[in-house]
Amino acid sequence: MNKVLTMTAAVAMACATTVAQAYEEGDWILRVGATTVSPETDSDNIYLPTGLVAEADVDDDTQLGIIPAYMVTDYFGIEVLAATPFKHNIEAKGKGAIQGTNLDAGSTKQLPPTVSLQLYPRGGLSGWQPYVGVGLNYTNFFDEDVDNQLIGLLGSLTGGAVNGADLELDDSWGLAVQAGVDVPINDHWAFNAGVWYIDIDTTAKITAKADGATAAEVKFDVDIDPWVYNIGIAYKF
C-alpha cells in the first residue's frame, strides 16, 4: 500500500500541468476515494474450553471514503474522515497446543469517524498541497456475528452443550495522526493520497449459548490500531 501511495503521488505530479490551485481561508475541500482500513491487530489470549488458547486477528476492508475539510485559515483546516461502513472478518488463530490452527470466528461492521486539525504548510500558495493532522477518532461497532466454525468448535469441545454464541465489541475512542497531499489538476480538481494511523482499542465478549441460555462468557481486549489509506480525488469549492 505504501508503494501504491508513492506511485499515485508521482503519477499525479507528472500529470498535473496546472498549478493554479491554492488553499485559502474559507475554502471547502471534498476528498472522495477508495479508503482501506488495515488493522495491526494485537489480541489478548482467548481461553477456550479444555484449556485451548487462541488470539484474534482482524482483516482489511476497503470502502468509499467521503472526506470533507474546511480551511479555518490559510494554514489550518478541520477535516472529517467518513466512509461507508467497513466490514471485517475476525479469525481465531490457535496458540500453544493448537498453533497453526486457524478458524473463522466472526465478523463485525464499523464506522470510524475521525475529526482532525490539519496544518497546510503551503497555505495560500499555489501548487501541490501537503498536509499533516492530529485528531480524535470514535469507532462504532455493530452487526457483530459469530461464525459457524467457532460455534462448531465450542460445541465439539463441550460435548455438544454449546449450540450458539453472541459477539459484542465495545465502541472505542482514540487519537489519530495523518499525512497526505493534494496534487492539482486545475484550479478546482486534484489527485489525493492520504494515510492515517488510528488508535482503536476494544473489549470483545463472546457469550456461548446452550439451548438459548448462557453457558459461558469469554472477554478479551483487542488493539486494532489500523493504518488507513485513501487514494482518490479532491475538489475545492
By how many degrees, 0 to 90 and rounded to 10, does the Cα axis of helix 148-157 deviate from the longest principal axis of the chain? 30 degrees
If you scale each eigenvalue of the Cα gyration tensor by 5 and take the root, what three semi-axes come out for the stretch 22-156, rounded to whole angstrom and sorted largest first? 43, 14, 11
Cα to Cα, under 28 Å, and not fewer than 8 places away if on the same chain: which lysines meet these conditions relative to Lys236? Lys3
Which values, in whole Å and largest first, are the semi-axes of the equivalent ellipsoid of the chain obtained as the square root of 5 times each eigenvalue of the Cα gyration tensor? 44, 16, 13
Would you tally the net charge around Leu52, using a Cβ to Cβ cut-off of less than 14 Å, leaving Leu52 out, and scoring K and R as +1, D and E as -1? +1
Can you spot the lysines whose alpha carbon is less than 29 Å from Lys205's alpha carbon? Ignore those fewer than 8 places along the same chain. Lys87, Lys93, Lys95, Lys109, Lys219
Hey, what angle do you get for helix 2-15 against the long axis of the chain, alpha-carbon based, 0 to 90 degrees rounded to 10? 20 degrees
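All of the numbers you see were taken from the coordinates with simple rules; none came from a lab. If you're wondering where the values come from, they're calculated on a predicted model, not measured in any experiment. Ideal geometry is used to build each Cβ from the backbone, glycine not excepted, and the neighbour counts take in all protein chains shown.
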